[in-house]
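Visitor: Below you will find the structure I want to go over with you.
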Amino acid sequence: MPITLDLRQAIIHKVHGSDDAGLREMIEGSVDGPEQALPGLGVIFEMIWKNIDKTKQDELVHIVQEHLKTVTPGSLT
């Protein structure tokens, strides 16, 4: 019987046991990388979000909000 993993579990499986350098490499290799890497960053962000207090969540929201003020969205067509 084939093993079926959902996307979250597949990504967690891939990075499980990584040391700090390995996690940094995964993150840095995904930032500005191919779009296929975005789900991995999303799972990592979700793990962070779930494990930080509301103050840090608010700080992250503020950082994203401030950054969004400095960028112009590209065309969707």
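The values are calculated or read from the model by the stated rules, or taken from the named source; none is laboratory data. As the structure is a prediction and not an experimental result, all values here were calculated from the model. Heads up, the Cβs are rebuilt from the backbone with ideal geometry, glycines too, and the neighbour counts pull from every protein chain shown. Remember, those area values only see protein heavy atoms, side chains included, never the ligands or the DNA or RNA. Shrake-Rupley method; radii C 1.70, N 1.55, O 1.52, S 1.80 Å.
Visitor: May I ask you to verify whether residue 28 is assigned to a helix (DSSP H, G or I), without any contact (Cβ under 8 Å) to a residue 24 or more places away in the chain, out of contact with any strand residue (DSSP E or B) (no Cβ under 7 Å at 6 or more places or on another chain) and open to solvent by 100 Å² or more (accessible area, probe 1.4 Å)?
Guide: yes
Visitor: Further, regarding this structure: Which one of these does residue 12 not meet: (1) open to solvent by 80 Å² or more (accessible area, probe 1.4 Å); (2) touching a helix residue (DSSP H, G or I) at 6+ places or on another chain (Cβ under 8 Å)?
Guide: Only one criterion is unmet by residue 12, namely (1).
Visitor: Restricting segment 47-77 to residues that are of a type in the set (Asp, Glu) and not in a loop (DSSP other than H, G, I, E, B), which is farthest from residue 7 (Cα to Cα)?
Guide: 66
Visitor: For segment 31-41, what are the residues that are surrounded by fewer than 11 Cβ atoms within 10 Å (Cβ to Cβ) and outside any helix (DSSP H, G or I)? Before you say what the answer is, go through the steps one by one.
Guide: Keep residues of segment 31-41 that are surrounded by fewer than 11 Cβ atoms within 10 Å (Cβ to Cβ), which gives 31-32, 34-36.
Correct list: 31, 32, 34.
Visitor: Starting from residues that are surrounded by 12 or more Cβ atoms within 10 Å (Cβ to Cβ) and either aliphatic (A, V, I, L, M) or touching a residue at least 60 places away in the same chain (Cβ under 8 Å) (or both), keep the ones in segment 49-73 and report whichever is nearest to residue 15 (Cα to Cα).
Guide: Of everything passing the filter in segment 49-73, 52 is nearest to residue 15 (Cα to Cα).
Visitor: Does residue 44 satisfy the criteria of being surrounded by 10 or more Cβ atoms within 10 Å (Cβ to Cβ), aliphatic (A, V, I, L, M) and in a loop (DSSP other than H, G, I, E, B)?
Guide: So residue 44 fails the test.
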